[in-house]
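See structure below.
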Amino acid sequence: MALPKRIVVTGASGLLGTAVVAELARHTGVLPLGHRAAFPGVRLVDLTSPDAQRALADEAWDGLVNCAAYRSPDFCEQDREAARRLNADLPAALAALAAARGARLVHISTDYVFPGTHAPYHEDDPCEAVNYYGETKRLAEEAVLRRHPAALVLRIPALYGEPPAPLTAPLIEEGLAAARAAGPVEQDNVIVRFPTNTADVAAVVRFALEQGTAGTLHASAGQSFTRYAWARWLAELEGRDPAHIRPARHDPSRKARRPRDCQLAVDRLRALGGPVPRDAREWLPGLLARRAGR
C-alpha cells in the first residue's frame, strides 16, 4: 500500500510534529498546520475554530496525522476547558473530516491513559487515567475510533529529539540543566519513563500510513529511567561527576498526579513488522556529540 498523496500534519511546529513532517516530506506531499510557532512552510491556524475546520474540509488531502495537543498535565489540570477543546474535541472533529473523505488518519495519544500500576500495558488493556490530561486523551481515543473506525490511535511515551531551532526538547534540556548544576539538585526517583526519540515515532507514523494500520498501536523504546537516573546518565555522558544529583521521592511543583510506570508493550508493532523505537542508549551519545559540535 502506498502513502497518501497529501497528508495534513497538525501540531506541525511542535517537537513531534516537526519530526513527522520531516519524515513524511521525504516520501509524499505534506500540508503542515501549526498554531503557536511558525516554521517555513507551516500554515498558522487555530483548528479548534469551526471556521478553520470548514476551511480544512475544503482542502485537498487524503491523509491526516494529528499531533496537536496540550501535553502538560499541570496545564490541563488548571485549564480543563482549553485542554478538552484541543485534546478531545478537536480529534473528534478531525476524525469526522477524515472519515467523510475516506482519508487515513493517525491520532497521537499517550501512555498516560493508563494508571501506571500494572505495567507493561497492551493495546487492549483498560484505560484509567489518574490526571485530566490522560482523561482528555482517553476521550479522544474513543471519539476518534467511533467516528473513524479505520483510523489508528498511536500511543507514545515521553519524547525527546533534535528539533529545529528555536524548538527544544524539554526532556534533554531539563536533564542537562540538572547535570550541569553548580550545587546539589534533587530529581524524582519514583516515576519511571521510557524516553523515545521523535524520529523513531515518525518512522512508525509513516509505516502505519503506508500499511493502513487501524485500531490502537503502541510505540515506545524499552529502556527505562527516572528523572534522577536520566540526569545522572546525561552527566556521565558529558564527562561530569553526577554526585550532586540527589534522588527525591516527589516533586512539589507538580499540580497533576503522575502515574508511576506506564510502560507500553510493543508486541503488536513488532508482529506487524513495524520499526520498533530504539533505546536511548542508541541515540543519546550521538545526539549529545552533535549538540557539542554546533
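At a glance:
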| quantity | calculated |
| --- | --- |
| Conditions (1) in a helix (DSSP H, G or I); (2) charged (D, E, K, R); (3) surrounded by 15 or more Cβ atoms within 10 Å (Cβ to Cβ): number failed by R278 | (1) |
| Output for segment 91-130, where each listed residue is touching an Asp or Glu at 6+ places or on another chain (Cβ under 6 Å) and either within 18 Å of A158 (Cα to Cα) or charged (D, E, K, R) (or both) | S109, P115, G116, A119, A129 |
| Some residue of segment 97-107 being among the hydrophobic types (A, V, I, L, M, F, W, C), part of a strand (DSSP E or B) and under 16 Å from the mean Cα position of the chain (by Cα) | yes |
| Residue tally, condition in contact (Cβ under 8 Å) with a residue 60 or more places away in the chain and touching a Phe, Trp or Tyr at 6+ places or on another chain (Cβ under 9 Å), over segment 100-111 | 2 |
| Within segment 134-150, tally of residues that are closer than 16 Å to A68 by Cα and part of a loop (DSSP other than H, G, I, E, B) | 0 |
| Where L97 falls short, out of the listed (1) more than 15 Å from P50 (Cα to Cα); (2) free of Cβ contacts under 8 Å to residues at least 60 places away in the same chain | (1) |
| Every pair of residues 6+ apart whose Cβ atoms lie under 6 Å, when the first sits in segment 112-133 and is in a loop (DSSP other than H, G, I, E, B) while the second is small (G, A, S) and at pLDDT 95 or above | P120/A265; H122/A265 |
| All positions within segment 1-45 that are part of a helix (DSSP H, G or I), touching a residue at least 60 places away in the same chain (Cβ under 8 Å) and under 18 Å from A69 (Cβ atoms) | L15, L16, T18, A19, V20 |
| Selected residue (only one of L33, L97 is in contact with a Lys or Arg (Cβ under 6 Å, 6 or more places away or on another chain) and within 17 Å of I7 (Cα to Cα)) | L33 |
| Of residues in segment 158-208 being of a type in the set (V, I, T) and closer than 19 Å to R257 by Cα, the one farthest from the chain's Cα centre (by Cα) | V190 |
| Selection within segment 139-157 - buried (at least 21 other Cβ atoms within 10 Å of the Cβ) and either over 20 Å from A103 (Cα atoms) or of a type in the set (K, R) (or both) | R155, I156, P157 |
| Selection count, segment 175-221, where residues are over 30 Å from A95 (Cα atoms) and either in contact with a strand residue (DSSP E or B) (Cβ under 8 Å, 6 or more places away or on another chain) or part of a loop (DSSP other than H, G, I, E, B) (or both) | 15 |
| Residue tally, condition under 30 Å from L3 (Cα atoms) and not β-branched (V, I, T), over segment 104-124 | 10 |
| Which numbered condition A82 fails, given (1) in a helix (DSSP H, G or I); (2) in contact (Cβ under 8 Å) with a residue 24 or more places away in the chain; (3) over 18 Å from the mean Cα position of the chain (by Cα) | (2) |
| Those residues of segment 227-256 which are out of contact with any Pro (no Cβ under 8 Å at 6 or more places or on another chain), surrounded by 15 or more Cβ atoms within 10 Å (Cβ to Cβ) and in a loop (DSSP other than H, G, I, E, B), in sequence order | R240 |
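Residues are listed down the side, and each one gets a yes or a no for (1) closer than 25 Å to L167 by Cβ; (2) of a type in the set (D, E, K, R):
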| site | (1), (2) |
| --- | --- |
| V185 | yes, no |
| V192 | no, no |
| V201 | yes, no |
| W233 | yes, no |
| R254 | yes, yes |
| P259 | no, no |
| Q263 | no, no |
| L272 | no, no |
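The values are calculated or read from the model by the stated rules, or taken from the named source; none is laboratory data. None of the values given here were measured: they were computed from a predicted structure. Quick reminder, even Gly has a Cβ in these numbers, built from the backbone with ideal geometry, and neighbours come from all protein chains shown.
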